[in-house]
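J.: Right, I'll just put the structure down here and ask away after.
Nothing in this text is a laboratory measurement; each read-out follows from the coordinates by a stated rule. These figures come from a predicted structure and were not determined experimentally. Every residue, glycine among them, receives a Cβ derived from its backbone with ideal geometry; neighbour counts consider all protein chains shown.
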Amino acid sequence: MELTVEIAAIRDGLGDSGRLVGEFRRAVLLVPLEDGPEGGLMSAASGGIRWVYAFTDEEALARFAEARGESGREWEFLSVLGARLVDAVVPAAGGPVGVVVNVADEQGSMFFPPVAGIVPDANAVDLDRGEVA
């Protein structure tokens with residue numbers, strides 16, 4: 001199954017979370033790059049989590065650009081495996097990072113939060129590591 005099909009199944013209450021994460025890890029995703037001197041992967045912060053934007057195809061990225069009122073400009077992006085995002089990018093970020101796929105698609109978006117089973121355990125915000133404040 002492809003990622004968009006699995007997202008639709010989950011949203012319809014018929015999917016399997018394990019299959020969803022597997023499809024996410026295998027998917028080649030388009031991740032837009034920030035403009036300007038800072039560069040980096042385009043993301044937004046919400047609720048103490050940095051959310052990296054990722055898209056399943058150029059059409060989904062175009063819908064995002066349209067929703068932002070920025071469809072007239074050229075968008076640079078990287079093609080990255082979902083697994084690479086969570087296994088390499090998340091640990092390098094230095095804080096809680098998740099991935100949001102197709103964020104501009106009201107019925108087709110999906111959040112992959114920084115929790116065990118999605119990101120490496122060392123970066124999962126839901127694991128009790130026995131830390132004392």
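J.: For residue 77, list long-range residues whose amide hydrogen, built 1.01 Å from N in the peptide plane, is under 5 Å from its own amide hydrogen.
T.: Amide H neighbours of residue 77, under 5 Å, 5+ apart: 33.
J.: Hey, if you put +1 on the Cβ of every Lys and Arg and -1 on every Asp and Glu Cβ in segment 29-117, which of 67, 41, 83 ends up farthest toward the positive end of that dipole?
T.: Highest projection toward the positive end goes to 83.
J.: Whole-Hz Karplus ³J(HN,Hα) for segment 103-113, in order, using 6.51 cos²θ - 1.76 cosθ + 1.60 and θ = phi - 60°, x for Gly and Pro?
T.: 4, 7, 9, 3, 9, x, 8, 7, 9, 10, x
J.: Using 20 Å as the cut-off for backbone N distance, which residues of segment 98-125 belong to the label zone defined by a point 7 Å from the Cα of residue 62 along Cα→Cβ?
T.: Backbone N within reach: 101-109.
J.: With θ set to phi - 60°, apply the Karplus curve 6.51 cos²θ - 1.76 cosθ + 1.60 along segment 70-82 and write out the HN-Hα couplings as whole Hz, x wherever there is a Gly or Pro.
T.: Couplings: 10, 6, x, 9, 7, 10, 8, 8, 10, 9, 9, 5, x Hz.
J.: Report the local net charge at residue 6: Lys and Arg +1, Asp and Glu -1, summed over other residues whose C-beta lies under 11 Å from its C-beta.
T.: Working: positive: 11, 19, 26; negative: 2, 12, 16, 23.
For residues surrounding residue 6, the net value is -1.
J.: Using modelled amide H (1.01 Å from N, peptide plane; none on Pro or chain starts), what sits under 5 Å from the amide H of residue 15, excluding residues fewer than 5 places away?
T.: For residue 15, whose amide H was placed from the backbone, the distant partners under 5 Å are 10.
J.: Here's another thing I want to ask about it. With Rg and the Kirkwood Rh both taken from Cα atoms, where does Rg over Rh land for the chain?
T.: Working: Rg = 15.0 Å, Rh = 15.4 Å.
With Rh from the inverse mean 1/r over Cα pairs, Rg/Rh is 0.98.
J.: While we're here: Mean residue ellipticity at 222 nm from the helices of the chain, using -39,500 (n - 2.57) per DSSP H segment of n ≥ 4 over the full residue count, to the nearest 500 deg cm²/dmol? Could you put the intermediate results ahead of the total?
T.: Values: 3 runs with 29 residues, N = 133.
That comes out to -6500 deg cm²/dmol.
J.: Quickly work out the residue 79-to-residue 5 label distance, labels modelled 7 Å from Cα along the C-beta direction, and quote it in nm with one decimal.
T.: 2.0 nm
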